[in-house]
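All remarks here apply to the structure that follows.
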């Protein structure tokens, strides 16, 4: 066991070290200094988002640097700042020769709340640099699902079939986020397309999740059960304004899929806080 004098030495206590054992007064003074030196957690103020003017300045500077990595980072930082000029700048990069730049431009428009962001994304439906690139194509599908609306739904359902293997899972998920009866129609048409669909359709788990979010129903993995339900309810079915809840695990995955970068960071902080509180509680109990 460490003596009081050893503790003083190890702590770097700034005092003349006595030749005899420290007195009670010395130990009290040492404890008081230790408490004063304990770091105090100060909650950081939330940083203010850049203005549209600052965002444009940052994007232009990165573009002039002619380094794709700099521009990609600038898009990540400034591209989602709400503003007509920002959307206009970012949209020009959707045909950039660099795959990474196009990918970050799509992401930026996905999270940019300005109405023009949706319009610019819709315009890209025939942009082969996006639709024929695996990463850009997947992000484009998610961006359309994020924005929603009939024009986005039309793009997502155009040519929707199992033979179009690339992006089928992402299309199903994106359609499930757009709260429209036409979304259910598209998913059910996909389920019943092709041969042998009376048992379990391909991507059945994804179809079930999207249909449950849209309708609140979960009729299992057999297509025939869904088909019978749809034939009975298709004319009377109403889509609620809010999505129907999923089970805990599915809900977490669904929320994470559609959470913005800031929302994901908040989710991470909340999880870390809960874990810390659990550890402290268990430590106290021990």
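Specify the residue that is surrounded by the fewest Cβ atoms within 10 Å (Cβ to Cβ); the eligible residues are those in segment 106-145 that are free of Cβ contacts under 8 Å to residues at least 12 places away in the same chain and under 17 Å from residue 157 (Cβ atoms). Result: 126.
Filter segment 254-286 down to residues that are under 19 Å from residue 176 (Cα atoms) and surrounded by 13 or more Cβ atoms within 10 Å (Cβ to Cβ) and give me whichever is farthest from the chain's Cα centre (by Cα). First the steps, then the outcome.
The initial filter retains those residues of segment 254-286 that are under 19 Å from residue 176 (Cα atoms), namely 254-260.
Those left that are additionally surrounded by 13 or more Cβ atoms within 10 Å (Cβ to Cβ): 254-255, 257-260.
Working: 254: 10, 255: 8, 257: 5, 258: 5, 259: 3, 260: 4 Å.
Residue satisfying both the conditions and the ranking: 254.
Within the bounds of segment 232-252, is there any residue that is over 25 Å from the mean Cα position of the chain (by Cα), in the same structural domain as residue 171 (by TED's automatic domain parsing) and part of a helix (DSSP H, G or I)? Full working, then the answer.
First pass over segment 232-252, keeping only residues over 25 Å from the mean Cα position of the chain (by Cα): 232-238.
Okay, now just the ones that are also in the same structural domain as residue 171 (by TED's automatic domain parsing), so 232-238.
Next, from what is left, pick out any that are part of a helix (DSSP H, G or I): 232-233.
Taking every residue of segment 232-252 in turn, at least one turns out to be over 25 Å from the mean Cα position of the chain (by Cα), in the same structural domain as residue 171 (by TED's automatic domain parsing) and part of a helix (DSSP H, G or I).
Kindly evaluate residue 225 against the criterion of being exposed (fewer than 15 other Cβ atoms within 10 Å of the Cβ) and either assigned by TED's automatic domain parsing to the domain that holds residue 161 or at pLDDT 95 or above (or both). Talk me through it step by step, then tell me what you get.
On the way: exposed (fewer than 15 other Cβ atoms within 10 Å of the Cβ): yes; either assigned by TED's automatic domain parsing to the domain that holds residue 161 or at pLDDT 95 or above (or both): yes.
Yes, satisfied.
The values are calculated or read from the model by the stated rules, or taken from the named source; none is laboratory data. Predicted model only: the values in this text are computed from it and were never measured. In this analysis, Cβ positions are derived from the backbone assuming ideal geometry, glycine residues included, and neighbour counts consider all displayed protein chains.
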